[in-house]
1. Kindly indicate which of 46, 33 is closer than 30 Å to residue 128 by Cα, at pLDDT below 85 and part of a helix (DSSP H, G or I).
2. For residues that are part of a strand (DSSP E or B) and in contact (Cβ under 8 Å) with a residue 24 or more places away in the chain, scanning just region 123-142, find the one that is farthest from residue 103 (Cα to Cα).
3. Testing residue 67 on (1) farther than 26 Å from residue 35 by Cβ; (2) out of contact with any helix residue (DSSP H, G or I) (no Cβ under 7 Å at 6 or more places or on another chain); (3) touching a residue at least 24 places away in the same chain (Cβ under 8 Å), one condition comes back false. Which one is that?
4. Quick one: would you say residue 95 is outside any loop (DSSP other than H, G, I, E, B), within 20 Å of the chain's Cα centre (by Cα) and at negative phi?
5. Of everything in region 51-67, what is part of a loop (DSSP other than H, G, I, E, B) and surrounded by 14 or more Cβ atoms within 10 Å (Cβ to Cβ)? Give them in sequence order.
6. Quickly run through region 100-122 and pick out the residues that are under 21 Å from residue 57 (Cα atoms) and either in contact (Cβ under 8 Å) with a residue 40 or more places away in the chain or surrounded by fewer than 17 Cβ atoms within 10 Å (Cβ to Cβ) (or both).
7. Assess whether residue 109 counts as being closer than 20 Å to residue 37 by Cα, within 14 Å of the chain's Cα centre (by Cα) and assigned to a helix (DSSP H, G or I).
8. Working only within region 68-83, note down all residues that are part of a helix (DSSP H, G or I) and over 22 Å from the mean Cα position of the chain (by Cα).
């Protein structure tokens, strides 16, 4: 006796649904890893900018007045290959300017998501004077 199977069995449907669910979870985990890499890349750039700013002061400048990324590159505190425009992990810009207290410096990143800003602030919680997030711009004060 030959049976004509016209559909899927319950086991086949469960297997397909399980495989699809695993694929969806894998894609979700990959995007989390990617965002984590962006946050850590940005943190390393902020550390490099902070080190360059501290070198600027150590070279005899009394305040951060006049500090710029281009000036730090010209002085050799930042590599010439460091790009301030469209180069942060979210495609935004880096900026470094004196704080209203010229003994402090502000480093800003544009195009940052609020979740990434929260994570960046947490990474620098013990070393920053302050952090701020407004209009997709994250700013840290050292």
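The values are calculated or read from the model by the stated rules, or taken from the named source; none is laboratory data. Fair warning: this is a prediction, and the values are worked out from it, not measured in the lab. Ideal geometry is used to build each Cβ from the backbone, glycine not excepted, and the neighbour counts take in all protein chains shown.
1. Result of the check over 46, 33: 33.
2. Taking the candidates together, the pick is 137.
3. With (1) farther than 26 Å from residue 35 by Cβ; (2) out of contact with any helix residue (DSSP H, G or I) (no Cβ under 7 Å at 6 or more places or on another chain); (3) touching a residue at least 24 places away in the same chain (Cβ under 8 Å) applied to residue 67, the lone miss is (2).
4. When the stated conditions are applied, residue 95 passes them.
5. Step one: list which residues in region 51-67 are part of a loop (DSSP other than H, G, I, E, B), which gives 59-67.
61, 63, 64, 67 - these are the residues of region 51-67 that are part of a loop (DSSP other than H, G, I, E, B) and surrounded by 14 or more Cβ atoms within 10 Å (Cβ to Cβ).
6. Result: 100, 101, 102, 103, 104, 105, 107.
7. Details: closer than 20 Å to residue 37 by Cα: yes; within 14 Å of the chain's Cα centre (by Cα): yes; assigned to a helix (DSSP H, G or I): no.
The answer is no for residue 109.
8. Result: 71, 74.
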